[in-house]
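Before any comments, here is the structure.
Only the coordinates and a few stated rules stand behind these numbers; no lab work does. Because the structure is predicted, anything quoted here is derived from the model rather than measured. Note that each Cβ is placed from the backbone with ideal geometry, even for glycine, and that neighbours are counted across all protein chains shown.
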Amino acid sequence: MKTVLTVDDSRVARTAIAQVLSRWGCRVLEARDGREGVAVARLTRPDLILLDVLMPVLDGRQALAILRQDAGCRHLPVVMLTGITGESLVQQCSHLGISGYLVKPVVSDALLDVLGRVLGGPVGAPVAASSSDAPRPAMFG
């Protein structure tokens, strides 16, 4: 089972991402800001970090810089989540070593594609859903 840490100040975004990832057999950890995200990453060493760019306390770029200086976390794959489009943001984060980025609102198929690529294959098999959990497009952001 892969462990994914979602760091986002939006509870709605964290919950939606967790629902998608849980259906695909991932263990999901959550953090509300960059400082909390760095602490959780240091304690758990997740297989992947989904890191929002704009957050209070410590933003995604600052958190990523701290993780890249930490010997135990510097090689953890990080995918940035952002509502900002444009090459400048990608370039700013790329030099810190990101594994990818997703523009919000993120569609579940795009999330699963990036996760599969970063984690080296399919994330897992979807967990059977009840009839009330019928598949539907998921967007979060």
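For segment 40-117, the relative contact order is 28 percent, taking Cα pairs closer than 8 Å that sit 6 or more residues apart in sequence and dividing their mean separation by the residue count. Neighbour counts of other Cβ atoms within 10 Å put Ser94, Ser108 in the fewest-to-most order Ser94, Ser108.
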